[in-house]
1. List the residues whose amide H sits under 5 Å from the amide H of B:R64, counting only those 5 or more places along or on another chain, with H placed 1.01 Å from N in the peptide plane.
2. Trypsin sites (Lys or Arg not before Pro) within the stretch B:456-520: which are DSSP loop residues with at most 15 other Cβ atoms inside 10 Å?
3. Can you compute the charge dipole magnitude of the stretch A:2-145 about its Cα centre, using +1 on each Lys and Arg Cβ and -1 on each Asp and Glu Cβ, nothing else charged? Give it in debye, rounded to the nearest 20.
4. For a 23 Å ceiling on Cα separation, which of these pairs sit above it: B:K258/B:K596; B:K212/B:K597; B:K78/B:K450; B:K244/B:K625; B:K212/B:K263?
5. Identify, among B:I510, B:A498, B:A559, the residue whose Cα sits farthest towards the positive end of the charge dipole of the stretch B:446-575, taking +1 on the Cβ of Lys and Arg and -1 on the Cβ of Asp and Glu, with the dipole about the Cα centre.
6. For a quick check: with amide H placed at 1.01 Å from N, whose amide H comes under 5 Å from B:S445's, ignoring anything fewer than 5 positions away on the same chain?
7. Positive end of the charge dipole of the stretch B:512-623 (Lys, Arg +1 and Asp, Glu -1 on Cβ, about the Cα centre): tell me which of B:G603, B:N618, B:N537 has its Cα farthest that way.
8. Report, as an integer, the average count of C-beta atoms from other chains found within 10 Å of each Cβ along B:354-366.
Amino acid sequence: MTYILKEIFKLIKILNSENGTNQIAFGLTLGFVLGFSPFLSLQGLLILLLILIIRVQAGAAFLSAFFFSLVAYLLDPMFHAIGESILMMEALSGIFTTLYNMPLIPFTRFNNTIVMGGGIFGIVLAPIMYYVFKFLVSKYRKAILERFQQTKFWKAVKATSFYKWYMKYDEYFG
Amino acid sequence: MEENNDKKKKTKKPKGPIRTGLLTFLVVFVAGIFIYTKFFLDTHLRWGIQTALTYANHAEVNVRSVTTSFTKPSFAIKGIQVTDFNNPEFNSIQVGEASYQLLWDALLRFKIVIDKANLTGLGFNQKRKSPGKIYPEVKEDAEESLLAKETKKEVEEITNDNVLGDVAKLLDGGPLKQNIKDIKFDFKSEQRIKELEKLVDEKKATWKNDVKEIKELDKLNDVIKRAKAIKFDKNPIKAAKQLKELSALKKEADGYIKNYKSKISGLKSDYTSLKNSIGEVDDLIKEDTKMVQEHFKIPEINFSEISERVFQKYVMSMIGPYMKYWHMVKEYIPARKKNYKEEFKEEKRVRAAGVNIAFPITKGYPFFWLKRMDISSDSKNEDNAYNLEGFITNASSNEKIVGKPMVMKISGDAPAKKISGISFDATVSNKSGEYKADVLGKVASFPVEKVSLSKSSKFGLALTDSTANTTVEGSLGIKEANLEMRTVFNSIKWDINAESEKTGKIFNEIFTKMPEVDLKGRIRGNYLKPRIKISSNFDQQLKAGVKSYISGKLDEAKAKARKAVEDRIAESKSKLLNNFGATEQGYLKPLLDGDKKLSDAGGIFDQIKKEQENKAKNKVENKAKKELKKLKEKLKLPF
């Protein structure tokens, strides 16, 4: 929990800096895929491991996973329809039967319509979502952050000795 | 200052795409697990197995070593010695080595499939190098305590004086050496007769008035008399009035009848209850007789039950311990599944369930499957006395996936212990939905050092230095057992210890003619409280032997006891019966007569009413006929 909170604070910091756009976008994308798959499944654990090992913004990934897992509830009927049509495809039944009888693979629960639908939906849309998130981050920085930094309130905050102390602290220990 | 900061910023290396810190942590973590499994896991497992088995057995269990391997998933346990709780100098079971080869393919599906297993150096009742520790302070569960209590009870039964002791007493001259009349008893029957005499007198006084009333039926007779006195008038209006009067009288009479009948019913019930109470005196006489028998220790000897009482402990010692272990093992047997499909049921998920599409299973395993375990034991090994060979196949948690039941076969001998022809066949199946084991065990010959059959201060009998053969056959279900056992003891030497020289001599004579005992036992029902039925030729042989000595002595003693009771109460009982007998004529008969009279009385009113109706009907008919005749004459009709 401490790790997740720390990562979320980092996200706020990076989001408000000029760097790390790709890291945030990639993190959000992985969270997007994780949100659409059951957490306690093989693929869920693999994505989690990927988030921890690859230098993506983990806070962004966790927030995104939380948000998209809520969205997934609303999209379950659609996932069910997608999953059912894929799992019932005659041409793929041989592959699915082989996977079903392989060790470990059944722990992905790929034979469930919602898991299959959500998984395919997440993977197919992931590259598109990466660019969407990247665009949104840069838009945020230009449209919201720059304007906020021009406000009198922010200027007043920047003038306080606490802010200056914090910036110094962040430079050495942050 | 700013330049320095810039330099710092410039010298900071750009970070790569992988979090090396975390990766290092993972590598260290995996290495740690590897080192633990390589150097410590086996020692900790050995300690864990040893502790768990000791806890379950309540006596020391030793494990020499445990070896595990992850490359070829396998583990081997060497030198298992299970101390016998009741005899800590011996091991109840010992195993030289138990090794298991598992399948990775199954482990990756979270299933345990043992491809090959070996159990070598299997031995029973072997002496330990040093006595094992026992842990009686370990708290037993309720069922275990029950088992322990049952065993203790049986031990007490055998050590105490049993039916053979009673036979010995009869042979020694029998009870009732003391005169029965010398003893003052308080008989329940005598006390009850006194109470009943008083009660009969009280009842007679209460019944007297009621019976008189019922005998006379004054009020009812008066109403009937009034009803009979009514003369119906020709005038229909007056006749209708009289009919109404008759109905009112009938109603009044019905009230009286009801009242009388209720009295009769109450009296009859009182009479019956008193009669039953008097009948109970006979039961009290039996109780008093039993009390006298107990006082003079007159035994109830049922020869057909002697084997059951004498050999019960032996049969339980043969089968009981194994039933206890089965009772323990069955706790871990998977519970019955309602149907096969349940195993593949959909899992509950937090999110919307979706639908699980089931694809054909081309390679599936049950949760647990021991494909084959070879069992062997060699008496050439100095630690072991048994030569055993056998196998267990297809022990699984789901017989339907495996397609075969579990089969166990063991055969062998133990020359050093003079045991030969050991064979044990068992088939465990859950085809019917519930686990059931069919077992057949045989031992062609084994020595019997001593079986104590009766042990008391005055008489002891034991079967010693014989050989026996035994067969146990039957089935063990989840809840109940159904086993039949037959043991034949040959070349028996009897150990007889009798206080009385006379008794010892007689028993010696009887038992020297009994070199063989054929014992049959049947155990059915719940494991903790089985029904045990035992029979043997011991009964008949003993009965035939002692018949000439004790014939008549027992019956004579019992008759004396009964006579002692009857003599005491004879006079008062006769008086009571006479007094009560008189009530039958004086009270019961009038009641029955009164009941009949009341039944008839109800009909009298109907009869009067019917007579009146018939009269009126005839009158109308006659009048109609006359009018018709007149009309015919007027019209001059030819017919």
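Read-outs: derived from the displayed coordinates by stated rules, not from any lab. All values reported here derive from a predicted model rather than from experimental measurement. No Cβ is skipped: glycine too gets one built from the backbone with ideal geometry, and neighbour counts run over all protein chains shown.
1. B:K78, B:G79, B:I80
2. B:K458, B:K479, B:K513
3. 720
4. B:K78/B:K450; B:K244/B:K625
5. B:A559
6. Here the answer is B:S420, since their amide H atoms fall under 5 Å of that of B:S445.
7. The one lying farthest along the dipole's positive direction is B:N537.
8. On the way: counts 15, 8, 7, 13, 2, 12, 4, 3, 4, 5, 2, 0, 0.
Across B:354-366, the average partner-chain Cβ count within 10 Å equals 6.
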